[in-house]
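Structure first, then comments.
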Amino acid sequence: MCFLSVFRDNEKELHVLCVRYAWRGILPALFLVVLCLAYLLPSPPNNYKLTRRTKRSLKPFLTLEDARYLLATAATAREHDNDADRQPLLLRTEEREAQLKRQMSLRLTVPIVVLALLETIHWMGRFAYELLIGDVLSTFVVGCQLAAWSYTFTRPLFRPTATPPFDLLILLLIQLGTASLGLSGYLYDWYAEKIPFPGAVTILGELVDLVVILILLVVIMSTPLETIDPRNSLEINNLASPEDYTTIWGWMTFGFIGPLIEKGSETTLSENDVFELSPHHRADPLLRKFATVKGKTLMRRIWTANAFDLL
């Protein structure tokens with residue numbers, strides 16, 4: 001009866017303990033279903049014009065790698081007359097970038113895998129216990145949590161990345177919301193309904209789970225958005241901007257401008273104090289990229305170049 005009340009058109013059901021508990025399993029499960037459909041459903045063939053246009057609209061017009069490559073080739077072309085002198089610089093740069101990407105991927109993967117493994121073991125034990133007890137609602141919620149943490153554990157192993165994994169970020173934000181709702185629900189029940197708090201073991205388990213989620217969120221949100229080493233970006237000056245290697249949190253709060261603001265509050269800024277514009281925002285690589293865009297009209301080419309930002 002309690003399980004069915006989750007699907008009623010009555011938002012006030014959230015004051016019921018078992019309904020709040022059920023949503024802790026439903027929301028992560030729905031997100032996992034969406035991910036499974038995105039991974040398993042076949043993508044439309046590229047020979048359809050609408051498919052090609054849609055895919056182009058969902059991708060940045062000029063990636064940072066392409067912009068930096070265009071700037072690097074333009075700079076080396078001015079210094080060297082032939083490709084033989086230009087290639088060693090670009091090859092050394094690619095080697096450093098690959099090494100940096102491996103290091104950043106390892107720093108991101110290890111804490112996620114270790115903490116998610118501990119959570120998976122915990123929820124696996126609870127799932128076995130709930131199966132023995134035979135409680136349908138608890139078995140469903142614990143099973144959904146087990147599936148969510150299993151995905152969190154296996155995703156970095158099979159698809160490692162050096163940049164923030166946004167699917168895990170969304171899943172952990174869902175986990176944070178449902179876990180916070182559960183803990184605040186205990187406080188509401190005690191204050192409004194005079195229902196005593198659950199046992200100390202239950203509260204401690206919920207708090208530990210919440211702390212693990214927060215740690216993983218901090219790890220992901222403190223990961224740079226691009227795999228760039230600002231100290232040796234391309235052996236050519238001004239090919240990296242703080243906006244490029246900032247973190248998710250820094251991008252949301254414009255934290256990469258903080259050092260500039262602090263310096264400006266203490267002394268007068270000069271032209272050399274202001275960092276360069278990001279490579280994929282500069283006119284030279286944008287113009288080179290725009291010259292390769294095909295379209296019957298100028299407006300269609302402009303839409304192709306700006307569709308990602310507009311959407």
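Quick rundown of the values:
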item: Within the range 79-138, considering residues that are at pLDDT 85 or above and among the acidic types (Asp, Glu), the one farthest from GLY205 (Cα to Cα); result: GLU130
item: Of the criteria (1) hydroxyl-bearing (Ser, Thr, Tyr); (2) surrounded by 19 or more Cβ atoms within 10 Å (Cβ to Cβ); (3) farther than 20 Å from ALA22 by Cβ, which one SER138 fails; result: (3)
item: Pick from the range 254-307, criterion of a type in the set (Phe, Trp, Tyr) and part of a helix (DSSP H, G or I), ranking: nearest to SER222 (Cα to Cα); result: PHE256
item: Flag for ASP229 being of a type in the set (D, E, K, R), within 23 Å of the chain's Cα centre (by Cα) and at pLDDT below 85; result: yes
item: Total residues in the range 189-223, condition at pLDDT below 85 and buried (at least 16 other Cβ atoms within 10 Å of the Cβ); result: 1
item: Matching residues, the range 274-308, being over 27 Å from LYS263 (Cβ atoms), without any contact (Cβ under 8 Å) to a residue 60 or more places away in the chain and within 28 Å of the chain's Cα centre (by Cα); result: TRP303
item: So TYR186, is it over 30 Å from LEU108 (Cα atoms), modelled with pLDDT under 85 and either β-branched (Val, Ile, Thr) or surrounded by 12 or more Cβ atoms within 10 Å (Cβ to Cβ) (or both); result: yes
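The values are calculated or read from the model by the stated rules, or taken from the named source; none is laboratory data. Remember, predicted model here, so these are calculated numbers, not experimental data. Cβ: placed from backbone, ideal geometry, glycine included. Neighbour counts: every protein chain shown.
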